[in-house]
Structure formats: structure tokens, C-alpha cells
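Working notes, beginning with the structure itself.
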Amino acid sequence: MTDLKRYLLKFSVFSAILFLLSIVFAVIADSALISRAYYFFVPFFYVFGLFNRYLLNIAHKHNGKRFSLVYMGISMGRLLISIFIMVGYSLVFRDDAYPFMIGFFIFYLLFTTFEIILLQRTIIRK
């Protein structure tokens with residue numbers, strides 16, 4: 001349980017820093033580069049990341065041997081959901097498609113990389 005609390009703290013700090021940096025970028029950058037949904041990226045990936053970690057925690061408690069299989073399934077599901085969101089948003093709001101897809105993908109990479117690093121450190125620690 002302390003592992004989950006440590007993850008929550010690190011993930012929350014990372015998300016807060018990333019949110020502040022994204023606000024600074026939105027103020028500095030040209031408005032054509034910023035999607036209308038730009039300020040929702042960090043909260044979306046924060047909640048999405050917490051939900052994924054919760055599912056991984058449940059899977060590890062029930063059957064630690066199948067952890068890698070569950071992780072791969074969750075990663076594939078996250079990727080598919082992200083693709084559906086990007087394509088769906090782009091079809092509905094065509095004028096905002098490019099800034100949305102680029103921004104969404106950048107935040108997806110940042111959050112996924114950070115989650116993998118935290119997971120790697122957790123596995124090595126055990």
C-alpha cells in the first residue's frame with residue numbers, strides 16, 4: 001500500500017509540474033498551436049494514469065505471475081482508447097485536429113514514459 005501512496009505522490013507532483021509548464025507554453029506559444037482542449041490533457045492523463053495503476057495493483061494482488069500479461073493488455077487498451085479519442089475529436093472538430101493530435105500525442109508520450117519509469121523502479125525495488 002505504501003507503494004501506491006508513493007506512486008500517487010510522485011505522479012501528482014509530475015502532473016502538477018507538467019500542468020504548470022503547459023500553461024506557460026500556452027501563454028508563450030502562438031494560439032494556432034494550442035488546441036481548444038489543451039487544458040484538459042493533463043487532467044485526462046492524470047485520471048487515466050491513476051486508473052491504470054489501480055488496475056495493475058489489483059492484478060498484482062490477485063495473481064502476480066500474470067502481471068506482465070495484464071500490463072500489456074492495459075497498455076494496448078490505453079493506446080486504442082487514445083487513438084479513438086484523437087480520431088473522434090479530429091473528425092468532429094476538423095479545424096482543431098492538428099493542434100489536438102500533436103498535443104495529445106506529446107502528453108501521451110510524456111505520461112506513458114513517466115509511468116513506465118515509475119513502474120520500472122517499483123519492480124527493481126522489490
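The values are calculated or read from the model by the stated rules, or taken from the named source; none is laboratory data. Fair warning: this is a prediction, and the values are worked out from it, not measured in the lab. All Cβ positions, even for glycine, are placed from backbone atoms using ideal geometry, and neighbour counts span all protein chains on display. Only protein heavy atoms, including side chains, enter the accessible area calculation; ligands, DNA and RNA are left aside. Shrake-Rupley method; radii C 1.70, N 1.55, O 1.52, S 1.80 Å.
Here are the numbers for the structure shown:
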quantity	calculated
Filter result for Arg36 (open to solvent by 100 Å² or more (accessible area, probe 1.4 Å), at negative phi and not in a helix (DSSP H, G or I))	yes
Pick from segment 57-102, criterion more than 16 Å from Ala37 (Cβ to Cβ) and of a type in the set (Ser, Thr, Tyr), ranking: farthest from the chain's Cα centre (by Cα)	Ser68
Test for Val47: is it under 12 Å from the mean Cα position of the chain (by Cα), open to solvent by 70 Å² or more (accessible area, probe 1.4 Å) and without any contact (Cβ under 8 Å) to a residue 12 or more places away in the chain	yes
Filter result for the condition that a residue is surrounded by fewer than 16 Cβ atoms within 10 Å (Cβ to Cβ) and modelled with pLDDT under 90, over Ile58, Ile102, Ile81	Ile58
Residue pairs meeting the criteria (Cβ under 6 Å; at least 6 apart or on separate chains; first touching a residue at least 24 places away in the same chain (Cβ under 8 Å), in segment 73-84; second surrounded by 15 or more Cβ atoms within 10 Å (Cβ to Cβ))	Ser82/Tyr108
Residues located in segment 105-121, provided they are closer than 19 Å to Ser35 by Cβ and of a type in the set (A, V, I, L, M)	Ile106, Leu109, Leu110
When residues of segment 1-19 are limited to those that are more than 16 Å from the chain's Cα centre (by Cα) and assigned to a helix (DSSP H, G or I), the one nearest to Thr122 (Cα to Cα)	Asp3
